[in-house]
Amino acid sequence: MNRLKLFFLLTCLTLLLVTMGSAIGGQSGMFIAFVLACGMNFFSYWYSDKIILKMYKAREVSELDNPTLYRMVRRLSQQAGMPMPKVYIIPSEGPNAFATGRNPQHAAVAATEGIMRILSVDELEGVMAHELAHVKNRDTLISAIAATFAGAISMLGNMLQWAAIFGSGRSEDEEGGLLGSLAMAIIAPMAAMLIQMSISRSREYLADATGARICGKPLALANALRKLQQASTMLPMREATPATSHLFIVNPLAGSSLFKLFSTHPPMEERIARLEAMMF
C-alpha cells in the first residue's frame, strides 16, 4: 500500500511541477521542470532526510551525550523489532519531534529541546514510540519526499507571482496568460498541501496506534499529545515551514489559524480519544 501511495504522491507532485514549469517558460519550462522533477525524485530518495535534519540544525547525539533519550530509543527499537535509528536533538524551544529516513535501516528520530522539558519520561517514551512507528510503517520516505517537492512547488509559486506582478504593460493575450500564471501560483501550493494532507492524516492515526503498542502506554502518548497541543499553540516552531509541517508529531505551525484550516494532522481530540479507547 505504501508503494502505491508513494507512486501516487510522486505522480501528482511531478505533474504540478511540470504544469508550473509550463506556466513560467512554455514548452522549455515544462521540459526543465520535468528534468528537475526526475532529479528531485532521485535526490529526495537518497538525501531528503539529511536536508531536513540540516534545515532544523539537528545534531546527532550518542549515549554519552544524552543517555536518557538514547537508551529510551534503543529500548523501544528492540521492543518494535527494528534497527536502532540515529538520534538527533533540535535546538528549538517549540515542543515537537519527527522521524525521517528512506527505510528502517537508514532512519533517524529527532526531538526538540523544548519537548524534553515539558514531558514526563513516560510521555516522551510515547512520543518516541510514535516516531519509531512511522519508521516501522515506512511513512518516513513518503513524508520526506513530500516535503522536498512541496518546497520546490512553493519556490516556483513565488516565481510565478513575481512574473505576474512585473507583467504590466503587455497585450491582452499576454495579460490573460499572466493571470493564469498568477492563479497557478496560488493554486499549485494549495494543491501540494492537499496531497500532503490526504496521505499524512491517516498515517498519524496508524502511528499513534502502533506507537502505543510498542511502548505499551497509550495513555502516556495521549497525555503527551494533549500537552503538546497546548504548548505548541503558545510556542510554535518559528523555524518550521509549511512544506515540512507534516513531518512532526503535532503541527508546529499551530499558532496560525490559517494552518489549522489546512493542517496536515488529524484533529487532536480524535487522536486522543482513539488512544484512550485502546485501554478498554
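Maximal additional length on extending the T68-M279 stretch stands at 73.3 nm, based on 0.36 nm per residue less the C-alpha distance. Figure legend: label point modelled 7 angstrom from the Cα of E93 along Cα→Cβ; residues of the stretch 104-136 with amide N under 12 Å from it are 114. Electrostatic tally near P83: other residues with Cβ closer than 12 Å to its Cβ, Lys and Arg +1, Asp and Glu -1, net +3. As a proxy for reagent exposure, L36, L17, L206 were ordered by neighbouring Cβ count within 10 angstrom, fewest first; the result is L206, L36, L17.
Note on F8/M84: beta-carbon distance plugged into 1/(1 + (r/R0)^6) with R0 of 22 Å gives a FRET efficiency of 0.10.
Taking 0.36 nm per residue of sequence separation and subtracting the Cα-Cα distance, how much length would be gained by fully extending the chain between L206 and F34, in nm to one decimal?
Details: separation 172, 0.36 × 172 = 61.92 nm, distance 3.35 nm.
Result for the pair: 58.6 nm of gain on full extension.
Exposure proxy check: F248, F31 ranked by fewest other beta carbons within 10 Å? Spell out each step's value before the answer.
Working: F248 27, F31 14.
Going from sparsest to densest Cβ surroundings: F31, F248.
What number comes out for the charge environment of E60, summing +1 per Lys or Arg and -1 per Asp or Glu over other residues with Cβ under 13 Å away? Summing Lys and Arg as +1 and Asp and Glu as -1 gives +2.
Read-outs: derived from the displayed coordinates by stated rules, not from any lab. Please read these numbers as outputs of a predicted model, since none were measured by experiment. Because the Cβ atoms are built from the backbone with ideal geometry, glycine has one as well, and the counts that use them run over all protein chains shown.
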